[in-house]
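What follows is calculated from the coordinates using simple rules that are stated; it is not laboratory data. All of these numbers come straight from a predicted model, not from anything done at the bench. Cβ atoms come from the backbone with ideal geometry, glycine included; neighbour counts cover every protein chain shown.
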Amino acid sequence: MRDGGVEAPDLLNEVTHADKVVEKAAAGFLKSLPPEWRTVEWLGLERWQWVGVPLVAVAVAVVTWLLVRLSRATSLWLLRNKPEWQRMVQQQEGPLTLWWASWLGRLAVRALDLSSPVTSGFDTVLEIGVVVAFFWGVTRGLQAWTERYLVSQVAVTRPGSRALVSLVSRTLQFVLIAFAILAALSLLGFQVGNVLAGLGIGGIALALGAQKTLENLFGAFALTVDQPIREGDFVKVDDVVSGTVEKIGLRSTQLRTQDRTVVTIPNGKLADLRLENYAARDRIRLFTVLSLAHETSVEQLQQVTSSFRETLKAEEKLWPDSFSVRLIAINPASLDIEVIAWFTAVDFDEFKAIRERVLYRFLTTIDAVGTSVARPTTVMVNKPN
């Protein structure tokens with residue numbers, strides 16, 4: 001229990017026995033020192049302590065490096081048949097280094113036989129180091145698990161879960177950072193209970209002043225849970241802008257337009273707009289009107305429409321019983337044939353290739369029948385003065 005604060009768990013209880021062993025060894029070492037090495041030189045430190053501080057610091061660094069390498073090698077060997085877990089272990093090198101350095105630093109402070117206030121100050125700093133290492137390691141593990149999930153087969157078969165997992169992961173990382181800060185404040189002697197109470201009161205004022213931010217945050221959750229759009233989808237937003245969804249963040253969503261620009265829309269506003277998701281369609285429609293020359297005979301028209309139908313039937317991606325080839329208009333300068341067909345291609349680039357192939361065959365048919373596409377005509381009327 002710290003003065004004026006809440007009870008904080010002592011993360012270093014496991015080394016209490018080691019502390020006593022080191023202190024006893026230090027006491028025996030001090031008895032063997034010549035008197036001139038026990039004289040105070042500067043800042044209250046004896047001569048042997050000034051020599052010992054850099055030596056102990058180097059020793060802590062070397063032993064920490066060795067222990068980190070040993071821990072890493074042991075973990076990788078135990079997980080030798082699980083490469084995905086090995087990558088997670090490799091990402092823990094930073095937190096593990098801080099963890100070992102903090103524990104060894106506590107023992108080093110005992111060995112230097114520093115004054116009680118200095119020892120207490122070092123203990124607090126090193127305890128904070130252990131806390132930071134713990135939350136840092138958990139955050140790294142969460143990031144590694146998220147990255148592993150996003151490329152897993154489950155995420156591929158359920159693409160909607162990718163955005164949800166990413167959003168939840170970022171939220172949990174923010175919460176972990178907040179807990180780490182509160183734990184560090186508690187170790188420094190601050191009354192965390194009072195801090196939380198103050199945050200509760202100030203949270204009301206903050207919520208009133210951050211309505212737009214909260215609106216965007218809830219909009220992000222709405223987009224992630226309802227999943228009207230997903231990252232990678234091509235969408236049209238309220239007939240104003242269209243593009244590919246690149247990122248659904250906590251505050252906004254980014255669209256990459258066909259001009260390669262990036263449009264950023266706040267999530268709170270996006271959740272209220274009309275979203276047309278082209279990636280959700282199960283087929284794409286081909287619609288065109290071909291105008292033939294007015295001189296085309298009835299027999300030629302019948303040959304053209306019949307050949308058009310056979311061309312569509314020959315397409316593997318044609319949606320069954322979903323096409324129509326009809327003469328729809330007899331104009332003064334043309335005979336119009338309407339073609340409507342659905343194809344099961346969901347990728348628009350694939351559909352464009354199908355459309356191009358079909359239109360080329362239509363033109364080949366028109367030439368083979370002996371007619372032509374109607375040319376635009378202009379009628380000029382001369383009125384007498």
* Asked: PRE reach from ARG251 (point 7 Å along Cα→Cβ): which of segment 217-234 fall under 17 Å by backbone N?
  -> 217-221
* Asked: Going out from 0 in 5 Å bins, what whole percent of all Cα-Cα distances in segment 282-369 drops into each bin?
  -> 3, 14, 27, 24, 16, 10, 5, 2, 0
* Structure fact -> Pairs over 21 Å Cα to Cα, from LYS269/LYS352; LYS82/LYS247; LYS247/LYS269; LYS236/LYS269; LYS236/LYS313, come to LYS269/LYS352; LYS82/LYS247; LYS236/LYS313
* **Residue (of GLY232, THR244, THR264) at the positive-pole extreme of segment 226-279, dipole from beta-carbon charges** => THR264
* So how long is each side of segment 226-279 along the principal axes, counting just the alpha-carbon atoms, biggest first, in Å? -> 25, 19, 18
* Asked: When a footprinting reagent is the concern and you count Cβ atoms within 10 Å, what order do THR146, THR264 take, fewest first?
  -> THR264, THR146
* Would you pull out the residues with amide H under 5 Å of SER252's amide H, same chain only if 5 or more places away, H placed 1.01 Å from N? => ASN267
* Asked: Over segment 282-369, what relative contact order in percent results from Cα pairs under 8 Å that are six or more residues apart?
  -> 42 percent
* Structure fact -> Stretched fully, the stretch from ASP347 through VAL125 gains (0.36 nm per residue minus C-alpha distance, one decimal, in nm) 74.2 nm
* **Distance from segment 238-272 to segment 65-81 (C-alpha centre basis), Å** => 44 Å
* Using θ = phi - 60° and the Karplus curve 6.51 cos²θ - 1.76 cosθ + 1.60, what whole-Hz ³J(HN,Hα) does each residue of segment 67-78 get, with Gly and Pro shown as x? -> 5, 5, 5, 5, 4, 5, 5, 5, 5, 5, 5, 5
* To do: Only Cα pairs under 8 Å and at least 6 apart count here; give the relative contact order of segment 226-279 as a rounded whole percent.
  => 37 percent
* Return the long-range amide H neighbours of THR288 (sequence gap of 5 or more, or a different chain), with a cut-off of under 5 Å between placed amide H atoms. => VAL339
* Asked: Once you put a point 7 Å from the Cα of TRP65 and another 7 Å from the Cα of ARG375, both along the Cβ direction, what distance in nm separates them?
  -> 8.5 nm
